[in-house]
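Taken together, the values in this text are just the output of simple stated rules run on the coordinates, not laboratory data. Keep in mind that this is a model prediction, so the values were computed, not measured. All Cβ positions, glycine included, derive from the backbone under ideal geometry; neighbour counts span all protein chains shown.
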Amino acid sequence: MVGVAVIGTGYWGRNHIRAYKELEKEGMVKKVKICDVNEDQAKKMSNTYKVEYVFDFDALLGDPEIKAVNIVTPSPTHFEVVKKFMEAGKDVLVEKPVTMSSAEAKELIEIADRTKRILMAGHIFRYHPAVKELKRRIELGELGEVKMLFTNRFFFGLPRKDMGVVYALGIHELDLFCYLLDREFPHSLTAVTNHTFKNGIEETAFLALDFGEATGYALESWLVPVYGKKRDLVVIGSEKCAFVDYLNLQELTLFEARILTDNAVPVRVEDEGRQSIPLTYAEPLKEELKHFLACVKQRSKPLTDGEVGWRAVLMAEKALESSRTGQRIIFNHQTIKDGEVNV
Ligand SMILES: NC(=O)c1ccc[n+]([C@@H]2O[C@H](COP(=O)([O-])OP(=O)(O)OC[C@H]3O[C@@H](n4cnc5c(N)ncnc54)[C@H](O)[C@@H]3O)[C@@H](O)[C@H]2O)c1
C-alpha cells in the first residue's frame with residue numbers, strides 16, 4: 001500500500017480525491033494528501049474529505065509518505081509539475097492532455113525512462129466498462145471488419161479558458177479510435193474548427209481520421225443546448241454494429257445489422273434487431289486509479305502510458321494545424337519517428 005497525493009483540487013481533481021478516499025477505505029491506499037495553490041479551495045477539499053493539505057507542491061516533493069501523485073492542475077502547467085515530481089522520485093498519473101505540446105510529452109517520457117518512474121496518462125475512457133467490453137468483442141472478431149466509428153460529444157456551457165475542444169474533448173476520440181482499431185496513428189487526419197468568440201479558443205471541432213480500411217469522425221462542441229450532456233460512440237462493423245452511451249456505465253448495445261453483398265456489390269439489408277449487453281457497474285476513474293496503483297506496485301507499464309499520452313497530444317496538435325492550414329495531415333512512420341509529420 002502506498003501514500004498518494006492529488007495536485008490540483010478543482011472541478012476534476014475533487015473526483016480523484018473522492019475516488020482515492022474510497023480506495024483508502026477499501027485498503028488499497030495508505031494515505032491521501034492534497035495540494036492546491038488556491039488556499040480556500042485546498043481548505044475546502046481538506047474539510048470535505050478529511051485529508052492533509054499543502055498550498056505549494058514543493059512541500060510534497062521530498063515527502064517520504066507519498067510515493068505516487070496525480071496531477072490534475074490546468075493542462076498548461078502539467079509539464080513543469082510532472083517533471084518535478086518524477087525528478088523527485090515519485091510515480092505520476094497526469095490528466096489528459098498530458099502536455100500542451102508533443103515535444104514536452106516526449107521529454108516527460110525520456111525523464112520517466114531515466115528516473116525509472118511510472119508515467120501514466122489519464123485517458124479515462126479506456127477504463128469505461130462499455131469500451132472494455134467493446135474492445136474485447138472487436139478483438140474476438142464479433143463485429144467483423146470495423147468500417148466506421150463516430151462520436152458526438154456535446155455540452156452547453158462556457159468554453160474552457162486554458163484550451164479548446166480539440167485538447168479538452170477531441171483528445172479522447174483521437175486516442176480511442178486508434179485504440180479500438182489497434183493502431184498507433186491514422187493514415188491521415190483532417191480537422192475543421194470554429195472560434196465563435198474570437199478569443200483563440202475553438203469551441204467546436206470536427207475531426208476526420210482516415211485509417212485506410214476504416215474511418216473515424218468526431219464532432220465536439222460546447223455550444224449545443226439541444227441534447228443535454230451527450231457523449232456517445234457508434235462503431236459500424238461488417239457483421240455487427242455497436243453503440244456506447246458513455247454516460248451509461250452498465251450497457252453496451254449491439255445491432256445485428258449488416259449489408260449483404262454479391263461480388264462486393266451491396267444487394268440486401270439484413271437486420272435482426274438489437275441486443276443489450278448488461279455490464280457490471282464500475283466507475284472509470286476508480287478503475288483508472290486502481291490500474292495506476294497496480295502499475296506502481298508491480299512496476300509495470302500502464303495501458304495508457306506516456307507514449308499513449310504523447311500520441312494523443314501529437315494528433316491534437318496536428319488537428320489544430322490542419323484546421324489552421326486547411327490541409328490534411330499525413331502520418332507517415334518515418335516522419336513520426338523524427339518528430340515531424342507530413343502535410
Ligand atoms: N479525464 C477527464 O475526463 C477530465 C475531465 C475534466 C478535466 N480533466 C483534466 O483535469 C485537469 C484539471 O481540469 P479542471 O477542470 O479540474 O481544472 P480546474 O481549473 O477546475 O482545477 C485546477 C485546479 O488546479 C489548481 N492549481 C493550478 N496550478 C496549481 C499548482 N501549480 N499547484 C497546485 N494546484 C494548482 C487550481 O487552483 C485549481 O483548483 C486538466 O488537465 C483537464 O484537462 C480531465
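At full extension, R136 and R268 could sit 44.7 nm farther apart than now, given 0.36 nm per residue minus the alpha carbon distance. In order along the range 217-223, the phi-based Karplus estimate (6.51 cos²θ - 1.76 cosθ + 1.60, θ = phi - 60°) of 3J(HN,Hα) comes to 10, 9, 10, 10, 7, 9, 9 Hz; Gly and Pro are listed as x.
Rounded to the nearest 0.05, what FRET efficiency do V226 and K147 have when you use their Cβ-Cβ distance and R0 = 22 Å? Spell out each step's value before the answer.
Details: r = 28 Å, r/R0 = 1.26.
Efficiency at R0 = 22 Å is approximately 0.20.
Counting only DSSP beta bridges with both residues in the chain, what percent are antiparallel, rounded to the nearest 5? Beta bridges within the chain, antiparallel portion: roughly 60 percent. Between E239 and E80, the simple label model (points 7 Å from Cα in the Cβ direction) yields a spacing of 5.3 nm. Listed by chain and number, the aspartates and glutamates whose C-alpha is less than 13 Å from the C-alpha of K161, apart from same-chain residues fewer than 8 away, are E202, E203.
Beyond 24 Å in Cα-Cα separation lie the following of the pairs K31/K297; K84/K106; K83/K135: K83/K135. Placing unit charges on the Cβ atoms of the charged side chains and taking the dipole of the chain about its Cα centre, the candidate lying farthest along the positive direction among V82, V308, T204 is V82. Potential lengthening of the chain between E251 and D113 amounts to 45.8 nm, from the contour at 0.36 nm per residue minus the alpha-carbon distance.
State which stretch of the chain is the longest one without any exposed trypsin sites (Lys or Arg not before Pro), exposure meaning a DSSP loop state and at most 13 other Cβ atoms within 10 Å. Don't skip to the end; give the middle numbers.
Details: sites that count: K50, K116, K161, K198, K229, R299.
Answer - 230-298.
When the chain is described by a simple charge dipole with +1 on each Lys and Arg Cβ and -1 on each Asp and Glu Cβ, the residue from M45, F150, Y227 located farthest towards its positive end is M45. Placing R0 at 30 angstrom, the Cβ-Cβ distance between T280 and E213 gives a FRET efficiency of 0.40 after rounding to 0.05.
Ignoring aspartates and glutamates fewer than eight residues from K318 along the same chain, the ones with Cα atoms less than 13 angstrom from its Cα are E340.
Computed from Cα positions, the angle between helix 78-87 and the longest principal axis of the chain comes to roughly 60 degrees.
Assuming charge only on the beta carbon of Lys and Arg (+1) and of Asp and Glu (-1), the dipole of the chain about its Cα centre is about 800 debye to the nearest 20. Would you mind telling me which residue in E104, E139, E251 has the biggest mean-square fluctuation in a Gaussian network model of the chain, where springs connect alpha carbons within a distance under 10 angstrom? Greatest mean-square fluctuation among the candidates belongs to E139. Per the Kirkwood formula applied to alpha carbons, the range 77-160 shows a radius of gyration over Rh ratio, Rg over Rh, of 1.11.
Distance between the pseudo-spin-label points of R299 and T196 (7 Å out from Cα toward the beta carbon): 5.2 nm.
Residues whose amide H falls under 5 Å from that of K33, counting only those 5 or more places apart or on a different chain, are V4, A5, V6, with hydrogens built in the peptide plane.
Averaging sequence separations of C-alpha pairs under 8 Å and six or more residues apart, then dividing by the length of the chain, give the relative contact order as a whole percent.
Once normalised by length, the contact order is 18 percent.
Applying a DSSP loop filter and a limit of 10 other Cβ atoms within 10 Å to the GluC sites (Glu not before Pro) in the range 1-59 leaves E26.
At each listed q (0.11, 0.12 Å⁻¹), what is the log10 of I(q)/I(0) that the Debye formula gives for the range 162-264 modelled as equal alpha-carbon point scatterers? Those come out to -0.42, -0.50, one per q. Short-range pairs are left out: with C-alpha atoms under 8 Å and at least six residues apart, the relative contact order of the range 197-264 is 18 percent. For the chain, a Gaussian network of Cα nodes joined below 10 Å ranks H172, H333, H187 by mean-square fluctuation, and the top entry is H333. Subtracting the Cα-Cα distance of K25 and K44 from their residue separation scaled by 0.36 nm leaves 4.8 nm.
Quantify how much of the Cα-Cα distance distribution of the chain extends past 29 Å, in percent. Within the chain, distances greater than 29 Å cover 42 percent of Cα pairs.
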